[in-house]
Amino acid sequence: MQDSVLIQIGLPIAIMVIMCGIGMSLTPTDFRRIAERPKPVVIGLLGHYLWLPLLGFGVAFLFKLRPEYAVGLVLVCACPSGTSSNALTYLARGNVALAVTLTLLSGLITFASVPLLVNLALQMFMGETRAIQLPLATTMLHLAGLVLLPICVGMALRRFMPAVAKRAEPAVGAFALLLLAVLIVGIVMQERERLPAMLAELGLPVLVLCCAAIGGGLLLARLGGLALREALTIGMEVGVQNATLALLIAFTLLKSSQIAIPGALYGLLMYAPALLLVVIGRRILRSSAVDPSPAGHETSA
């Protein structure tokens, strides 16, 4: 599967379309918001790029996963927040502006996080003598074309062609979910004979990672003194990962369908705790005037 034309050419184009859709949801005001109120953003990034990678390595060691699966788990943790995290934050009555900002920043940090964390995982789990490598400069250029450039194009479309951007943005979100589903079906078909064994080995570790990522992000935000709306947002942003990008990197840069399998499972299982968080958020925040923050009052978004 990793050598097919769809993976080598079609998948990168699809990722660029999705990232362009994220760009169409952004304006320069989103960047100014970071400087005006940086605390939630800082806590969210700490959750995403400190707590989540530690979880990835920890779960891999705890469950004694085979090397390819361990690297795949870390790869998922190194990727940015998934495009669906913004929609799930909206459904949970979280802070959508904060969600968009964290999604964008995590996409930018991906240039460094993926090569650094994945190379560390390759060294720890597969040994230095393995032929698979992820060159830092090459990967950063690759991700710049996949992430940064399309986001800039999307922002330009919103600025100069707002009507087109408004019509296209919902379709891009639906396309992202459809693409992930197609990739998962492809992996299931390719690995169908070994699928029961893979689920037995990987199902529980991946589910533990999903739940710990979302729950840990939520707890970190509350311990940081953030309001519940912001804590819900950070929990969603930390736990809902861009599994499609993880699959792309596994197929095209690492050329391994085995490393892609944790990403495929994560892309499915992460919606269980995420939807639970939606239910919790909607029940607690039924009245938009009340937000039970640690200080006992509403914290402005």
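If you rank Met16, Met24, Met161 by fewest surrounding Cβ atoms within 10 Å, what's the result?
So the residues, fewest neighbours to most, are Met161, Met16, Met24.
For the residues Ser84, Ser106, what sequence is obtained by ranking on other C-beta atoms within 10 Å, fewest first?
Ser84, Ser106
Mind sorting Val208, Val172 by how few other Cβ atoms lie within 10 Å of their own Cβ, fewest first?
With the sparsest Cβ surroundings first, the list reads Val208, Val172.
At a Cα cut-off below 26 Å, give the lysines reachable from Lys255, other chains included and same-chain residues fewer than 8 away excluded.
Lys64
So for the pair Ala156, Leu91, with labels modelled 7 Å out along Cα→Cβ, what separation do we get in nm?
With each label point 7 Å from Cα toward Cβ, the separation is 3.4 nm.
Only the coordinates and a few stated rules stand behind these numbers; no lab work does. From a predicted model like this one, the values you see are computed outputs, not experimental measurements. Counting neighbours? That spans all protein chains shown, and the Cβs are built from the backbone with ideal geometry, glycine included.
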